[in-house]
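Only one structure is covered here, and it is reproduced in the block below.
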Amino acid sequence: MNILCFGDSNTYGYRPDGTGRFDEKTRWTCLLQKKFGNRHRIIEEGLCGRTTIFSDAFREGRRGLDQIGITIETHNPIDLLVLMLGTNDCKTRFNASSKTIAKGLIQVIEKAKKYSSQPFELLIISPIHLGNGVGDDGFDPEFDLASEQVSRQLAQEYRKVATHYHAGFLDASKIALPSEIDREHLDESGHATLADTVYKTITESGLLEKGMDSSFCHIA
């Protein structure tokens with residue numbers, strides 16, 4: 001079965017020290033593939049700076065809404081879609097509330113449904129929180145205190161979205177912290193913990209078993 005992981009830099013595996021991308025022994029998506037072995041195929045679709053619906057004037061092609069349809073169509077058929085977006089939506093220039101970001105996530109989901117060749121299961125991951133002082137000098141000026149606060153409110157809104165779609169839900173902030181190096185990205189241990197928890201969430205929730213049950217009501 002095909003599992004598409006669609007997210008931002010923390011799905012891409014961006015290193016907190018800014019030296020590039022973690023290797024396949026470290027990224028949570030690759031660790032997840034190792035756990036599933038040959039039973040399921042993990043499709044990595046992480047992009048640094050990706051948002052739900054907001055266009056970034058400084059970085060081309062970052063709107064998840066613009067990319068999800070093409071991505072789904074490229075990798076069809078998809079059995080399980082794992083979405084982890086929202087961190088970049090917290091940037092100051094977007095001035096978005098957690099409710100607005102959740103509405104953007106819904107648009108991404110609806111677009112995915114439109115382009116999928118078959119019904120699929122859905123796992124929504126609310127991202128890790130932005131660390132205290134992420135916008136301080138020497139860190140990331142694209143964020144500020146308000147950004148931190150919005151990031152802490154995403155889980156509540158994302159849980160509502162998951163309930164609406166009868167989807168799986170995971171609050172990554174409960175199990176992983178941003179690196180102290182940049183106060184924004186997962187470090188090696190964070191990737192390992194997230195991989196373990198995503199695997200546990202998928203297997204214990206029976207999402208893939210639902211995908212194999214033609215009588216179950218999938219997202220379509």
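What follows draws every value from the coordinates through simple rules; no lab data is involved. Quick caveat, the model's predicted, so the values are computed rather than measured. In this analysis, Cβ positions are derived from the backbone assuming ideal geometry, glycine residues included, and neighbour counts consider all displayed protein chains.
Of all chymotrypsin sites (Phe, Trp or Tyr not before Pro) in segment 153-198, which ones are in loop regions per DSSP and have a Cβ with at most 13 other Cβ atoms within 10 Å? Passing both the DSSP loop test and the Cβ count: no residue.
Only bridges with both residues in the chain count here: give the DSSP antiparallel percent, nearest 5.
15
The spacing between segment 38-91 and segment 181-199, judged by their C-alpha centroids, is 18 Å.
Just subtract the alpha-carbon distance of PHE139 and LYS200 from 0.36 nm times their residue separation and send over the number in nm, one decimal.
Values: separation 61, 0.36 × 61 = 21.96 nm, distance 3.30 nm.
Extra length available between PHE139 and LYS200 comes to 18.7 nm.
Here ILE42, ILE106, ILE68 are placed in order of increasing Cβ neighbour count within 10 Å, fewest first, which gives ILE106, ILE42, ILE68. Taking label positions 7 Å along the Cα-Cβ direction at both GLU24 and LEU177, the computed distance is 3.2 nm, reported to one decimal.
Fewest-first ordering of CYS30, CYS5 by other beta carbons within 10 Å of each residue's beta carbon gives CYS30, CYS5. Residues SER147, SER189, arranged from fewest to most other Cβ atoms within 10 angstrom of their Cβ, appear as SER189, SER147.
Comparing ASN38, ASN95, ASN132 in a Gaussian network model of the chain where C-alpha atoms under 10 Å apart are linked, the largest mean-square fluctuation is found at ASN38. Loop-located GluC sites (Glu not before Pro) in segment 42-88 (DSSP state not H, G, I, E or B) with no more than 10 neighbouring Cβ atoms inside 10 Å: GLU60.
At 0.36 nm per residue, minus the direct Cα-Cα distance, what do LYS99 and PHE58 gain on full extension? Give it in nm, one decimal, please. Walk me through the intermediate numbers first.
Details: separation 41, 0.36 × 41 = 14.76 nm, distance 2.44 nm.
Computed gain between LYS99 and PHE58 is 12.3 nm.
Count Lys and Arg as plus one, Asp and Glu as minus one, and take only other residues whose Cβ is under 12 Å from that of ILE106; the net charge is then +3.
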